[in-house]
Amino acid sequence: DVKVTQSSRYLVKRTGEKVFLECVQDMDHENMFWYRQDPGLGLRLIYFSYDVKMKEKGDIPEGYSVSREKKERFSLILESASTNQTSMYLCASRRQVSSYEQYFGPGTRLTVT
Amino acid sequence: AQSVTQPDIHITVSEGASLELRCNYSYGATPYLFWYVQSPGQGLQLLLKYFSGDTLVQGIKGFEAEFKRSQSSFNLRKPSVHWSDAAEYFCAVGGTNNDMRFGAGTRLTVKP
C-alpha cells in the first residue's frame, strides 16, 4: 500500500512565523502535490513537483514556496504566515506514468493566530 | 479549463436508503474521472475511477458510478447506505497532464 505521511496533524503558529509542512511518500512516486482545503471550495492546488528539484505553480501559489531535494520528500513553506493561511493542507503523490490517481496524506490542520 | 461542479453541498439520507451524489464536469478532451471520500479528520481515499471502457464502474465499499458523456456527468451511487458512509465526497477530473480539479465536495449525513 502507498503511504503518504505528513509531519503534523495539527499546527498552531503566530502571524509572521516561517512555517514548514513536510510530506513523505514511500512508493518512489515521481509526482507530488500540495493542496489546501477550505469549506465550500474543495481542494485547490498550491504547488506540484514532477520530480526532484522540479516544481510548478498551481492555482494559488502566492505566499507559499516548496522544496523537493529528495524524491520521497516534498516540503511546503509559508515564508511569513498570515491568518488567511489558516486551513487544512493535504499532500498527495502519484506515479508519473500510471492511472493518474493521487494518493493522499492525512492532512495538516494549520491555525495561524 | 477543466472544472467540476457538485451541486449538492449537503445530503442527508436514512440508513439503508439508496444514495446518489451528483457530479458534472467540464473538460476539453477525454476526461479521467475520480470519486474520493474523506472521513472526518482524514485524508482522501479513492473510491473509484473511470478512464475508458465500460461507463459503469465499480469501486470499493459497494459504490459505483456511471459516466455519461452526453450529460458531462459522473454520478456516484450506492444501493444501501450504512452509517459508516457518513463523510465528505469529492469528485475530480483530470487528464494526461498533471492537473486535477476537484469539486467543492458533498457532505453526507446518515440518519439512523
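Provide a single number: the residues in the stretch B:69-112 that are part of a strand (DSSP E or B), within 14 Å of another protein chain (Cβ to nearest Cβ) and either in contact with a Phe, Trp or Tyr (Cβ under 9 Å, 6 or more places away or on another chain) or not small (Gly, Ala, Ser) (or both). If you could, list the steps in order and put the result at the bottom.
From the stretch B:69-112, those part of a strand (DSSP E or B) are B:73-78, B:87-94, B:100-102, B:106-111; that's our starting set.
Within this subset, residues satisfying the condition of being within 14 Å of another protein chain (Cβ to nearest Cβ) are B:87-94, B:100-102, B:106-107.
With the extra rule that they be either in contact with a Phe, Trp or Tyr (Cβ under 9 Å, 6 or more places away or on another chain) or not small (Gly, Ala, Ser) (or both), the set shrinks to B:88-94, B:100-102, B:106-107.
Number of matching residues: 12.
Condition test on A:GLY40, is it open to solvent by less than 70 Å² (accessible area, probe 1.4 Å), out of contact with any His (no Cβ under 8 Å at 6 or more places or on another chain), modelled with pLDDT of 95 or more and of a type outside the set (Val, Ile, Thr)? Give the steps one after another, and end with the answer.
Details: open to solvent by less than 70 Å² (accessible area, probe 1.4 Å): yes; out of contact with any His (no Cβ under 8 Å at 6 or more places or on another chain): yes; modelled with pLDDT of 95 or more: no; of a type outside the set (Val, Ile, Thr): yes.
In short, no.
Among the residues of the stretch A:48-66, are any touching a residue at least 24 places away in the same chain (Cβ under 8 Å), open to solvent by less than 10 Å² (accessible area, probe 1.4 Å) and within 19 Å of B:TYR36 (Cα to Cα)?
Looking through the stretch A:48-66, none of the residues is touching a residue at least 24 places away in the same chain (Cβ under 8 Å), open to solvent by less than 10 Å² (accessible area, probe 1.4 Å) and within 19 Å of B:TYR36 (Cα to Cα).
Across the stretch A:67-84, what is the number of residues that are within 21 Å of A:THR111 (Cβ to Cβ) and open to solvent by less than 50 Å² (accessible area, probe 1.4 Å)?
Matching residues across the stretch A:67-84 total 6.
I need a count of the residues in the stretch A:68-88 that are assigned to a strand (DSSP E or B), more than 13 Å from A:VAL19 (Cβ to Cβ) and in contact with a strand residue (DSSP E or B) (Cβ under 8 Å, 6 or more places away or on another chain).
Going through the stretch A:68-88, the residues assigned to a strand (DSSP E or B) turn out to be A:68-70, A:73-78, A:87-88.
Now narrow it down to the ones that are more than 13 Å from A:VAL19 (Cβ to Cβ): A:68-70, A:73-74, A:88.
After this cut, where a residue has to be in contact with a strand residue (DSSP E or B) (Cβ under 8 Å, 6 or more places away or on another chain) as well, the list is A:68, A:73-74, A:88.
Going through the stretch A:68-88 one residue at a time, the tally reaches 4.
Okay, residues lined up against (1) within 11 Å of chain B (Cβ to nearest Cβ); (2) in a strand (DSSP E or B):
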position	(1), (2)
A:THR15	no, no
A:HIS29	no, no
A:ARG44	yes, yes
A:LYS53	no, no
A:PRO61	no, no
A:VAL66	no, yes
A:LEU90	yes, yes
A:LEU110	no, yes
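Residues B:GLN38, B:GLN2: which one is within 11 Å of chain A (Cβ to nearest Cβ), in contact (Cβ under 8 Å) with a residue 40 or more places away in the chain and either touching a helix residue (DSSP H, G or I) at 6+ places or on another chain (Cβ under 8 Å) or open to solvent by less than 40 Å² (accessible area, probe 1.4 Å) (or both)?
Being within 11 Å of chain A (Cβ to nearest Cβ), in contact (Cβ under 8 Å) with a residue 40 or more places away in the chain and either touching a helix residue (DSSP H, G or I) at 6+ places or on another chain (Cβ under 8 Å) or open to solvent by less than 40 Å² (accessible area, probe 1.4 Å) (or both) holds for just one of B:GLN38, B:GLN2, which is B:GLN38.
When the residues of the stretch B:18-35 are narrowed to those that are open to solvent by 40 Å² or more (accessible area, probe 1.4 Å) and modelled with pLDDT of 95 or more, which ends up farthest from A:LYS3 (Cα to Cα)? Before you say what the answer is, go through the steps one by one.
Within the stretch B:18-35, the first condition is being open to solvent by 40 Å² or more (accessible area, probe 1.4 Å), and the residues that meet it are B:18, B:20, B:22, B:24, B:26-30, B:32.
Among the residues that remain, those that are also modelled with pLDDT of 95 or more are: B:18, B:20, B:22, B:24.
On the way: B:SER18: 32, B:GLU20: 30, B:ARG22: 29, B:ASN24: 30 Å.
This residue is B:SER18.
The values are calculated or read from the model by the stated rules, or taken from the named source; none is laboratory data. Because the structure is a prediction, the values reported are computed rather than measured. A quick note on method: Cβ atoms are made from the backbone with ideal geometry, for glycine too, and the neighbour counts reach across all protein chains shown. Ligands, DNA and RNA are excluded from the accessible area calculation, which covers all protein heavy atoms including side chains. Shrake-Rupley method; radii C 1.70, N 1.55, O 1.52, S 1.80 Å.
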